[in-house]
Amino acid sequence: MSRRDRLARVKGRRGKTYEAFIKYPRDMLVSLAFANLTPNGHKTLNYLASQWRWKNNGDLDISEKNARKRGWLISGASLRRGAAELLEAGFIEQTRQGDRNKAGLYGLSWCEFFTDDKKFDYPVANPTYRWKNTNGSSRVTQLESPVAQSPPSGGSKAETASPMAQSAAISMTH
């Protein structure tokens, strides 16, 4: 064995097959939009990211049949709900509208798109990073504050009451 072959084997570049990996940007992982995704949204995002290879962004599907072939146990309805949530939050982009004989295609918004004008309805060239522009809440995860408190006025030293004190008084007899 030559010195070059030994060095390649030690560094892990020989004898192994190439495995693709997906990189999630740290800004995305710590964003409010990512934190507000439902578990179904996270699973759908991971399913789409598992399909990603270097030159197929924009050609990712959400069909239940293909998910079962790949070993994912998720229903078609859950995939569609997750994809709708991810589209709204800005983590994926739709490149082709699905219909009866064609699957809807999506792409990851933080990766470069490789477009095929014959295949895609909505060509996207560069990463859009739409999740940076969203306010971090979707219709699915948006919660209303149970008690709306007004900020204290500047001149007076009056303290605002706690939410418990604002609720109805409870009288207890001993």
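The values are calculated or read from the model by the stated rules, or taken from the named source; none is laboratory data. This one's a predicted model, so the numbers in the text were calculated from it and none came from an experiment. Glycine gets a Cβ as well: all are built from the backbone with ideal geometry, and neighbour counts include every protein chain shown. Heads up: the accessible areas ignore ligands, DNA and RNA and are worked out on the full protein's heavy atoms, side chains in. Shrake-Rupley method; radii C 1.70, N 1.55, O 1.52, S 1.80 Å.
See the values below:
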{"read-out": "Test: residue in segment 124-133 that is free of Cβ contacts under 8 Å to residues at least 40 places away in the same chain, open to solvent by less than 20 Å² (accessible area, probe 1.4 Å), closer than 23 Å to residue 21 by Cα and assigned to a helix (DSSP H, G or I)", "value": "no"}
{"read-out": "Segment 51-69: number of residues that are more than 17 Å from residue 94 (Cα to Cα) and in a helix (DSSP H, G or I)", "value": "6"}
{"read-out": "Single residue of 60, 73 found to be surrounded by 20 or more Cβ atoms within 10 Å (Cβ to Cβ) and out of contact with any His (no Cβ under 8 Å at 6 or more places or on another chain)", "value": "60"}
{"read-out": "Of all residues making up segment 103-118, the number that are open to solvent by 80 Å² or more (accessible area, probe 1.4 Å) and at pLDDT 85 or above", "value": "1"}
{"read-out": "Only listed residue being at pLDDT 85 or above, farther than 20 Å from residue 27 by Cβ and acidic (Asp, Glu), chosen from 121, 99", "value": "99"}
{"read-out": "Enumeration of residues in segment 84-102 that are assigned to a loop (DSSP other than H, G, I, E, B) and open to solvent by less than 70 Å² (accessible area, probe 1.4 Å)", "value": "90, 91, 98"}
{"read-out": "Test for residue 79: is it closer than 19 Å to residue 38 by Cα and assigned to a loop (DSSP other than H, G, I, E, B)", "value": "no"}
